[in-house]
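Rule-based calculations on the coordinates, nothing more; no lab input. If you're wondering where the values come from, they're calculated on a predicted model, not measured in any experiment. Cβ: placed from backbone, ideal geometry, glycine included. Neighbour counts: every protein chain shown.
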Amino acid sequence: MTCFKVAGYIRLSKEDKIKDESNSVTNQKIIITSYIKKNTDLELVDFYIDDGYSGTIFDRPAYKRMFNDLVSGKVNTVIVKDLSRFGRNHIQSDDYLENILPGYNVRFISIIDDIDSLNKNNSTDSLLIPLKNLMNDQYAKDISEKVRSTLKMKQLNGEFIGVTAPYGYLKNPKDKHKFIIDKEASYTVKKIFNMILLGKSRKEIAKHLNNKNVLTPSLYKLSKENTNNEELIPSKKWNAEIVNRILRNETYTGKLIQNIKTKPNYRMDKLIDVNKDEWIVTENHHEPIIDKDKFEEVQQILNRKIKVRKNDDIDLFSGYLKCYYCGENLIIRKSKNQIYYYCKKYLKDKSCKKYSINKNVLIKLCKMEIKDKFSIEQLDRRILSELIENISVLEKNKIEIKFKSN
């Protein structure tokens, strides 16, 4: 007698956990195990359990592991409690049952539906299976629409529906839809805003926080809240982007902003951006960490920096200017529609000499130096990149240009 090597496949969605005890992992295991015991031609190899995964997609870790074992021949039979556990996307489910699994000579059994591909009378060729898959698909769609409608209503009522509170806050233990200030994290938030107001860049702030061993928002959440948020990807080090997200987050002014991203439909797990005019905003939802005037002042600074940075990306001297005295990079500062270059160390902590050079003056001096050596009348970034390693700037508009050896 042929002995079939069984993969017991179990799936439990997040909605099932809340509503449907009959589909619990334990219950599915009992049903599959009991069925195998009654059939002597079946031998259980392993259970493949996707706990907390929707049936509308087949990109599930345990399912992919099982499919690899089917391809390798480790198992040759799949048993599920019912068709909905296998999947709720009728297009993909039908394709697997009618084409893919038979192509690998895999036996498929759905216990509750009384389906066994080895039995011609109850095989996967039956018209009943596509119909059941379609019904399971429609069920998933209905549930998705009901959940989405309920969540949107909560958002419109000013209730926070996320897994964890934003960095700087904690969920209020008396009302999980509200926030209370987290003193430790809010101190870091305030420090970041204050450092921008003092003229620090986002990179400088990130470097400072790393030097002080301040935990990043994601690592902080993991250490303090013991969150089970599977979508949280921990960042080990602060960077300019993390700092920027905090500086741009209006949550710190007391606003609750939701419906920023959404899933296109019930079959897709990918999130897409929502148009800003469709965001759901609740004013005065929680105590602010940053007052609105300070937040707006910081936004103006950031917007100015973006404008300057767009010019910096193609700035003639970007990457070439060094301080003659300390060797540190020179930094652009704009004043009265004029651009000047200052020593980074001076701007940071006054540890170098106070001097600056006007960009237009520097261009003229560079033209003179290059023209004398190379008879070049036009100065552009392409020429600089080919000829110059760095330009050391001195006081009183003197410069030293270090040319490349080649």
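For the reader, a short list of remarks on this structure follows.
- Residues ASP114, ASP46, ASP277, ranked from the fewest to the most other C-beta atoms within 10 Å, line up as ASP277, ASP114, ASP46.
- Report note on the peptides 72-84, 327-339: ranked by the mean count of other C-beta atoms within 10 Å, highest first, their order is 72-84, 327-339.
- Between ASN239 and ASN119, the simple spin-label model (points 7 angstrom out along Cα→Cβ) gives 5.6 nm.
- Segments 96-102, 201-207, 282-288 sorted - mean Cβ within 10 Å per residue, highest first: 201-207, 96-102, 282-288
- Length, then width, then depth: along the principal axes, the Cα atoms of the range 156-228 run 39, 25, 18 Å.
- Sites LYS191 and GLU278 - FRET efficiency at Förster radius 35 Å, r taken between beta-carbons, to 0.05: 0.55
- Counting neighbouring beta carbons within 10 Å and listing from fewest to most, the residues LYS14, LYS171 come out as LYS14, LYS171.
- With kT/(6 pi eta Rh) evaluated at 25 °C and eta = 0.890 mPa s, and Rh the Kirkwood radius from Cα pairs, the range 23-70 diffuses with a coefficient of 202 µm²/s according to Stokes-Einstein.
- Burial ordering of GLU184, GLU250, fewest other beta-carbon atoms within 10 Å first: GLU184, GLU250
- Computed extension length for LYS64-LEU198: 43.0 nm, one decimal, from 0.36 nm per residue of separation with the Cα-Cα distance subtracted.
- Two-site FRET efficiency, ARG333 against ASN213, from Cβ-Cβ distance with R₀ of 22 Å, rounded to 0.05: 0.10
- The Rg/Rh ratio of the range 47-97, with both radii computed over alpha carbons and Rh defined as the Kirkwood radius, is 0.93.
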